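A short reminder: the numbers here are calculations on the coordinates, not readings from a lab. Because the structure is predicted, anything quoted here is derived from the model rather than measured. Cβ coordinates were reconstructed from backbone atoms using ideal geometry, including for glycine residues, and neighbour counts include every protein chain displayed.
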Amino acid sequence: MFTPAKNAIASPKQDTHLIRYCDALREAFEQEMERDPQVFLFGLDVDDHVGIQGSTVKLQEKFGKHRVFNTPLSEDAMTGVAIGAAMAGYRPIHVHIRMDFMLLCMNQLVNMAAKSHYMYNGQVQIPLVVRTMIGRSWGQGGQHSQALHSLFMHIPGLKVVAPANAHDAKGCMIAAIRDNNPVVFIEHRLLYSTEGYVPKASYEVPLGQARILTEGSDITIVAISHMVMEALRARKHLEGVGISAEIIDPITLWPLDMNTIMQSVQKTGRLLIVDNAWLTCGASSEMMTRAVEMCQEEGKPIPRLARMGFAPTTCPTTKPLENLFYPNGRTIAAKAYEMTKGPHAKPWEPPLDAKTEIDAFKGPF
Amino acid sequence: MHNLELTARLYKTMLLIRQFELYLAEIYHTDAIKSPVHLSVGQESIAVGVCDALEKEDIVSNTYRCHATYIAKGGDLNEMMAELYGKRTGCAGGKAGSMHLVDIKRGILGASAVVGTTVPVAAGYAWAMKRDKEKTGHQRVVTAFFGDGCTEEGCFYETLNFSALHQLPIIFICENNRLAIHTPIEKRWASEQLCERVATFGIKTHRITDADVFKIHETVSNALQDIRQGNGPIFIECDTYRWLEHVGPRDDHNISYRSQEEFQRWKDQDQVTRLAHMLDESHRHQIQAEVKAAIIKASEFAENSPYPAAEELYTHVYAS
């Protein structure tokens, strides 16, 4: 069922440039729309001056109003429109500025997009990309910060990806556009300004393959979306106390590449899952369950397991409470330290982090 | 007087739908049909009046009460029966049943069991047909069928707005039987001015109150001409009457949620009976014999087809 683990994609030989996550997305749209005239992009505000934080800027000028266009707010019907166009042989990219609005699309996504290929016995395919952005900070609050990937992971027929760096954002977007299934493509607002080396040419990051970001021997930390950045900060803290953490980004949440995760866990004996979401019935629940099942099936010892994620509350806007709502590099490091050293180890408080992309974000979008 | 060829054609398709569904009702107690059935008996003239006016390349989009439109658009009868039987030769491989009939090669989009859901999908298809015209030069048209209940869903109005905004090649066909399951319009609508409501989106509307199949045919033919010239969406409200229960094979007039008088009024203007009387006896008998043969053939096809193999549970979850 799972794609065999192929670990990290080697640094590409092609020409690269240092660009932001949002520019990498834009580059993916531009290259795919040039390659395939059936690809089109639509959603509220895709053709305004902000251009979904730069990710769709000037695409309308280049490809025309029939391939890049604004929509009424009607998220529900617009999802249906995307599905109908996909059935007719087009490859829509439908954009939501915040993931919270996807709750208005659930009927179309769950009842039609996910099921049409199956229910109509292969007579239709739904090559649809739904782009959606998780918000955070500067008062985004309860309805601009939700990360609802587990809702979509639950539904057979949907694929779910959440790339955490510019390289994977471009490569996954190209793979998602070329995929013949509905793909929920989860972006994070605080990743938009992060920079990475991205090949200038077109390339795919295959869906269903996790990436080992840094190798380590003491603990496996699997982190999702923006939590990858926090996990990398945690790793630095842990280095200072002699703990070597292997950081894995699953990239695709469904189908999930558990093999890469389990190979790592076999080496480290410890698995800490840090989700950028609530824990109950979440991606972390699924990963942990599968980890236990896979160990049992192969007669291997159950590793030391733990998970972290959002506090089980609505996200508050006020900074002191919002800070407590999310895991961060220090809390992740402290948890990994406890898992590695045991409950009786000398207490350790990781040093304060320097200013991060979280502090830099001043909204409004 | 109406042209004889058209009369015979409309009669034959309406009769096929009527007899096919009455056959389902007759055998339903045997449990050969392993699917809930929402029968269109009494409502046939809308599907037939609309679909007969369409070109082969035009598209229909359906509700869960989709038998009539499927047959009227030329959907494969054998595959339909096999689908109801849950056989692998069914139009959906036996995996979707009566509420999700589909035949893409004949321009029949898959139906949905969730009211309203297919309406925006039909608009998306129409958007694609408009784009395709830039390449082919010919405007294919989508006809979106739905009931009065659908007009209570938010996505219906969202779709009207988008379709008018983009001047989409789509005809909205409301089959208004005044019932959502058992709940009449009086309990659901603050105002019955549906066409007026739709017109405010900048969409031309028509209302046909007597289910006259020729009137429906003519209205749709004119609408198609208009739309193929690029003149945006058109809305047609057709009053009709559901003779049988919401789901299942029985007459439920013994339950007191609707009146015998109203039923009788609709029976008196039944289009199948009306057109039968417009044909001479031998012609009528010939059509009746052809319809009967087609139903028997479909039934035998379904009976003799295998059920899907176990591994087919997992086919088509994801497209490759």
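What to note about this one:
- Global geometry of region A:148-293, whether rounded, prolate or oblate, following the gyration tensor of its Cα atoms and the 1.5 cut on a/c: oblate
- Cβ-to-Cβ counts within 10 Å put A:Arg91, A:Arg67 in ascending order as A:Arg67, A:Arg91, the fewest first.
- Simple rule: put +1 on each Lys or Arg Cβ and -1 on each Asp or Glu Cβ in region A:16-199, find the dipole, and look at A:Gly64, A:Ile93, A:Phe152; the Cα lying farthest toward the positive end is A:Phe152.
- Residue-averaged beta-carbon neighbours from other chains (10 angstrom radius) around B:109-121: 6
- Where labels lie 7 Å past Cα in the beta-carbon direction, separation of B:Arg250 and A:Lys346 in nm: 8.1 nm
- Pairs of lysines in region A:16-199 whose Cα atoms sit within less than 29 Å of one another amount to 8, provided the residues are eight or more positions apart or on different chains.
- Alpha-carbon centroids, region A:204-256 and region A:271-296: separation in whole Å: 14 Å
- Principal axis dimensions, region A:211-358 - Cα atoms, whole angstrom, descending: 46, 33, 27
- Residue-wise HN-Hα couplings along region A:65-80, as the Karplus relation 6.51 cos²θ - 1.76 cosθ + 1.60 with θ = phi - 60° gives them from phi, are 6, 7, 10, 9, 8, 6, 10, x, 5, 4, 4, 4, 5, 5, 5, x Hz; Gly and Pro carry x.
- Rounded FRET efficiency, nearest 0.05, which uses the C-beta distance separating B:Phe263 from B:Ile27 and R0 of 22 Å: 0.35
- Estimated FRET transfer efficiency (A:Gln143, A:Lys362; beta-carbon r; R0 22 Å; 0.05): 0.65
- Exposure proxy shown here: for A:Glu293, B:Glu245, the number of other Cβ atoms within 10 Å sets the order, fewest to most, as A:Glu293, B:Glu245.
- Long-range lysine pairs (8 or more apart or interchain), region A:268-356, Cα under 27 Å: 6
- C-alpha long axis of helix A:329-341 to longest principal axis of chain A, angle in °: 40 degrees
- The label-point distance for B:Arg106 and A:Thr314, in a model that sets each label 7 Å from Cα toward Cβ, rounds to 5.2 nm.
- Residues with amide H under 5 Å from that of B:His206, placed H, sequence gap 5 or more: B:Phe235, B:Ile236, B:Glu237
- Fraction of the pair-distance distribution of chain B above 29 Å, Cα-Cα pairs, percent: 36 percent
- Over every Cα atom in region A:111-219, the radius of gyration and the widest Cα-Cα span, Dmax, amount to 15.9, 49 Å.
- Per-pair calculated FRET efficiency, R0 = 22 Å: A:Met106 and A:His49 via Cβ, rounded to 0.05: 0.10
- Ratio Rg/Rh, restricted to chain A and using Cα atoms, in which Rh is the Kirkwood radius: 0.96
- Kirkwood hydrodynamic radius (C-alpha pairs) into Stokes-Einstein, the protein assembly as shown, 20 °C and 1.002 mPa s, D in µm²/s: 78 µm²/s
- Straight-line cross-link partners of B:Lys12 among the aspartates and glutamates, defined as a Cα under 16 Å from its Cα and at least 8 positions apart when in the same chain: B:Glu21, B:Glu44, B:Asp52, B:Asp76, B:Asp212, B:Asp270, B:Asp280, B:Glu281, B:Glu290.
- For the peptides A:76-85, B:163-172, B:310-319, A:218-227, the ranking by mean Cβ contacts within 10 Å, running from highest to lowest, is A:76-85, A:218-227, B:163-172, B:310-319.
- Axial C-alpha extent at least 15 Å, average Kyte-Doolittle at least -0.5 - helices from chain B (DSSP): B:4-27, B:154-165, B:213-228
- With neighbour counts taken as other beta-carbon atoms within 10 Å, the residues B:Glu44, B:Glu196 rank, fewest first, as B:Glu196, B:Glu44.
- Helix A:227-240 vs. chain A, principal-axis angle (Cα, 0 to 90°, nearest 10): 20 degrees
- This model, with +1 at the C-beta of Lys and Arg and -1 at the C-beta of Asp and Glu, gives region B:199-265 a dipole about its Cα centre of some 240 debye.
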